[in-house]
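The values are calculated or read from the model by the stated rules, or taken from the named source; none is laboratory data. Here the structure is a predicted model, which is why all the values come from computation and not from measurement. Glycine gets a Cβ as well: all are built from the backbone with ideal geometry, and neighbour counts include every protein chain shown.
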Amino acid sequence: MSSYTFGPSAIATPANIITAVRVAFTPVIAILFIHKGPSVLVALLWVFVSVTDGADGWLARRQGTTRSGAFLDPLADKILVFGVFFAIVAKGYAWWLPIAVMAVREVAMSYYRAHLGRRGVSVPARPLGKAKTVAQLLAIFVIVTPGIGGLRGPLSVSLIWIAAVLALVSGYFYFIDGSHPAPRAL
């Protein structure tokens with residue numbers, strides 16, 4: 001492991017480079033899925049970018065978290081998840097409604113967090129928000145992986161709706177956290 005540490009204002013960090021790679025893979029995965037549907041290549045790429053999500057956070061905690069990373073990492077997650085979700089909806093592998101619910105929640109939360117940030121209030125991620133992300137990542141994995149057969153429909157639909165419900169519930173708690181000086185974990 002590198003002995004480098006980065007201050008809060010650093011931009012070109014290894015963690016941010018990994019984040020940028022995730023964003024760069026978004027159109028590749030979406031286009032491959034639109035053209036091929038579920039495939040081993042799409043599934044492998046999805047697993048790769050899903051793992052890099054944890055890797056950049058791990059690196060940032062060891063080398064120093066940055067303001068740019070705190071902004072870019074969640075943005076990259078949204079670009080990746082919704083870029084692929086939109087491709088999945090376009091191919092008819094998922095219903096648009098739960099995806100739209102999650103997308104609207106993400107836009108609303110981004111606006112809300114930016115509003116709070118201008119007032120000097122930070123709202124950290126909650127375990128519920130992380131559970132929502134895991135449900136999204138798993139739903140996409142189930143959809144893009146060939147050979148899941150009969151499980152794809154019920155399992156992916158369940159995971160997508162679980163993610164949508166977690167999005168709404170965690171969004172509610174983010175709102176509550178933003179209106180109180182000391183957020184509580186849930």
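Okay, here's what the table says:
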{"quantity": "Residue satisfying condition, being buried (at least 19 other Cβ atoms within 10 Å of the Cβ), touching a Phe, Trp or Tyr at 6+ places or on another chain (Cβ under 7 Å) and at pLDDT 90 or above, within set Val42, Val123", "calculated": "Val42"}
{"quantity": "Filter result for Val101 (farther than 25 Å from Ile17 by Cα, part of a helix (DSSP H, G or I) and at pLDDT 95 or above)", "calculated": "yes"}
{"quantity": "Test for Ala43: is it small (Gly, Ala, Ser) and farther than 18 Å from Val144 by Cα", "calculated": "no"}
{"quantity": "Condition check for Pro38: within 24 Å of Ser158 (Cβ to Cβ) and outside any helix (DSSP H, G or I)", "calculated": "yes"}
{"quantity": "Residues within the range 68-91 that are β-branched (Val, Ile, Thr), over 24 Å from His115 (Cα atoms) and within 14 Å of the chain's Cα centre (by Cα), tallied", "calculated": "1"}
{"quantity": "Qualifying residue in the range 3-24 (condition: in a helix (DSSP H, G or I), loosely packed, with under 14 Cβ neighbours inside 10 Å, of a type outside the set (Gly, Ala, Ser) and touching a residue at least 24 places away in the same chain (Cβ under 8 Å))", "calculated": "no"}
{"quantity": "Test: residue in the range 129-148 that is at negative phi, among the hydroxyl-bearing types (Ser, Thr, Tyr) and part of a helix (DSSP H, G or I)", "calculated": "yes"}
{"quantity": "Number of positions in the range 65-81 that are surrounded by 19 or more Cβ atoms within 10 Å (Cβ to Cβ) and hydrophobic (A, V, I, L, M, F, W, C)", "calculated": "4"}
{"quantity": "Residue that is touching a Pro at 6+ places or on another chain (Cβ under 8 Å) and either at pLDDT 90 or above or part of a helix (DSSP H, G or I) (or both), where the choices are Arg113, Arg152, Arg62", "calculated": "Arg152"}
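The rows are residues; the columns are (1) within 22 Å of Asp53 (Cα to Cα); (2) of a type in the set (S, T, N, Q); (3) surrounded by fewer than 16 Cβ atoms within 10 Å (Cβ to Cβ); (4) without any contact (Cβ under 8 Å) to a residue 12 or more places away in the chain.
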| position | (1), (2), (3), (4) |
| --- | --- |
| Ile88 | yes, no, no, no |
| Ala94 | no, no, no, no |
| Val101 | no, no, no, no |
| Ser110 | yes, yes, yes, no |
| Arg118 | no, no, yes, yes |
| Lys130 | yes, no, yes, yes |
| Ala163 | yes, no, no, no |
| Tyr172 | no, no, yes, yes |
| His180 | no, no, yes, yes |
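Residue-wise test of (1) under 15 Å from the mean Cα position of the chain (by Cα); (2) of a type in the set (S, T, N, Q); (3) farther than 19 Å from Pro124 by Cβ.
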{"position": "Val28", "(1), (2), (3)": "no, no, yes"}
{"position": "Val40", "(1), (2), (3)": "no, no, yes"}
{"position": "Thr52", "(1), (2), (3)": "yes, yes, yes"}
{"position": "Ala55", "(1), (2), (3)": "yes, no, yes"}
